[in-house]
Amino acid sequence: MSTDVAAADTQSAVPPTIGRKKKFGKGTVWSVVAWVVGIGFFFPVLWMVITAFKSEGDAYTDPPTIFFTPTLEQFKSVLSSGIGTTLLNSAFATVISTLLVLLLGVPAAFALSLRPVKGTQDALFFFISTKMLPVVAAIIPLYVIVGDLGMLDNVWTLVILYTSMNLPIAVWMMRSFFLEVPSELLEAASMDGASLWTAVREVILPLVSPGIAATALICVIFSWNEFFFAVNLTAVQAQTIPVYLVGFITGEGLYWARLSAAAVLTALPVVIAGWVAQNKLVRGLSFGAIK
């Protein structure tokens, strides 16, 4: 009995600030580690932006030049070299394919979640199985088919391919968002006299809009960055921005400053889209994580 009392007295004698100091010290260490890792991942992007404002002479120095006179000559050179057409091609293929993915994927995801049909699991497996085939194994038959149809170097070819490429991922993602919506909401809406389309438009879609926004942004990123189809099925008229960037790799070497300027202009639309949709994106990625 006396031993227990002594142990209790000993524990009560320990200052409570010690535990808080240990927790504070541990949290500080992990915060520093997180900042170091984050800066390490972001540093190449930062260096690309800095190099875009250098002259070619400053970009080639070894060791790298830290202090230099900023210039916009590289951006002027890139803008005057025809990047506008490739940007328009990429934007057209990305926007139209993403809209088609949402137009086809939202009803499919709804049918496979809140209103499941016969063979739902088979349909889901079919969707995901289309992503198991390596792209390089499909490029030869695709090239033959597109060539026979006379659609080589046509931006609509990329629209069709990007839609088929992103649709399985979009259906799986949006289905997970629809599954988080209670089916009782549809029942309540139908009891109030609302049709299925009205219930979906006014009840379901507003709830899953963050998930749809997250899915759309991922489709935009995949389409904007796609290179393999574009480099094999386009030449000049339908050339996209990733193919355009490869043109800076010449036999004379790399134009680092100009390539960095082109890469900054290429990444800017996606960064702006992510910044505009950041609120819905965060909600969409965390949709259903906390119940």
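Output the residues belonging to the stretch 66-80 that are under 17 Å from Tyr255 (Cα atoms), surrounded by fewer than 16 Cβ atoms within 10 Å (Cβ to Cβ) and either in contact with a Gly (Cβ under 9 Å, 6 or more places away or on another chain) or not hydroxyl-bearing (Ser, Thr, Tyr) (or both).
Within the stretch 66-80, Pro70, Leu72, Glu73, Lys76, Leu79 meet the criteria.
Could you identify the single residue in Asn154, Asn166 that is within 22 Å of the chain's Cα centre (by Cα) and within 26 Å of Phe227 (Cα to Cα)?
Of the residues listed, the single one that is within 22 Å of the chain's Cα centre (by Cα) and within 26 Å of Phe227 (Cα to Cα) is Asn166.
Kindly indicate which of Ala6, Ala59, Ala13 is surrounded by 11 or more Cβ atoms within 10 Å (Cβ to Cβ), outside the structural domain of Ala263 (by TED's automatic domain parsing) and either in contact with a Phe, Trp or Tyr (Cβ under 9 Å, 6 or more places away or on another chain) or modelled with pLDDT under 80 (or both).
Exactly one residue qualifies, and that residue is Ala59.
In the stretch 41-70, which residues are over 8 Å from Ala257 (Cβ atoms) and hydroxyl-bearing (Ser, Thr, Tyr)?
If the condition is that a residue be over 8 Å from Ala257 (Cβ atoms) and hydroxyl-bearing (Ser, Thr, Tyr), then Tyr60, Thr61, Thr65, Thr69 are the ones that fit.
In the stretch 105-145, how many residues are surrounded by 15 or more Cβ atoms within 10 Å (Cβ to Cβ) and either charged (D, E, K, R) or in contact with a Ser or Thr (Cβ under 7 Å, 6 or more places away or on another chain) (or both)?
Here the count works out to 2.
The values are calculated or read from the model by the stated rules, or taken from the named source; none is laboratory data. Please read all numbers here as calculations on a predicted model, not as lab measurements. Quick reminder, even Gly has a Cβ in these numbers, built from the backbone with ideal geometry, and neighbours come from all protein chains shown.
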